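Right, one structure below, let's go through it.
The values are calculated or read from the model by the stated rules, or taken from the named source; none is laboratory data. Note that this is a predicted model, so its numbers are computed, not measured. Virtual Cβ from ideal backbone geometry, glycine too; neighbours counted across all protein chains shown.
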C-alpha cells in the first residue's frame, strides 16, 4: 500500500508502508510546516510495514522537534506491525506511552 498522509485536527495520520524509499516524503512534509506549529500528534496506528531506515528517520524527526522546543506525540505502540522494528532499532523511546 502506498504511503498516505492525512491531517485531522492537529493530528497527522500515516497509512500504508513506511520505508527507506518513501520516508523522505514524510520528512519533507514536516519540514514544510515545522516552523508553523508548536505541537502535533503523529499517528502510526495504520502503518502496515516499517523498516529500520524509517524508524531512524522518525527518531531524527523526534529529535528535531525537541531541539526546536516543540512537542511531537508519536502514537502507535499498539501496532504490532511496527513495534518489532522500533525495538530492534532501539527507537521505541520516541513513542508516546499512552494515546494522547
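Observations on the model:
- Restricting 30, 86 to those that are modelled with pLDDT of 95 or more and under 13 Å from the mean Cα position of the chain (by Cα) reduces the list to 86.
- Residue that is farthest from residue 70 (Cα to Cα) [pool: residues in segment 1-18 that are surrounded by fewer than 17 Cβ atoms within 10 Å (Cβ to Cβ) and under 12 Å from the mean Cα position of the chain (by Cα)]: 5
- Cβ-Cβ contacts under 7 Å between residues 6 or more apart (or on different chains), taken from a first residue in segment 35-51 that is assigned to a loop (DSSP other than H, G, I, E, B) to a second residue that is at pLDDT 95 or above, are listed as 51/85.
- The set of residues from segment 84-100 being in a loop (DSSP other than H, G, I, E, B) and either touching a helix residue (DSSP H, G or I) at 6+ places or on another chain (Cβ under 7 Å) or crowded, with 16+ Cβ neighbours inside 10 Å (or both) comprises 89, 91.
- Among the conditions (1) within 22 Å of residue 69 (Cβ to Cβ); (2) at pLDDT below 90, residue 41 misses just one, which is (2).
- Here segment 64-83 is the region considered, the condition is being modelled with pLDDT of 95 or more and assigned to a helix (DSSP H, G or I), and the residue that is farthest from residue 24 (Cα to Cα) is 83.
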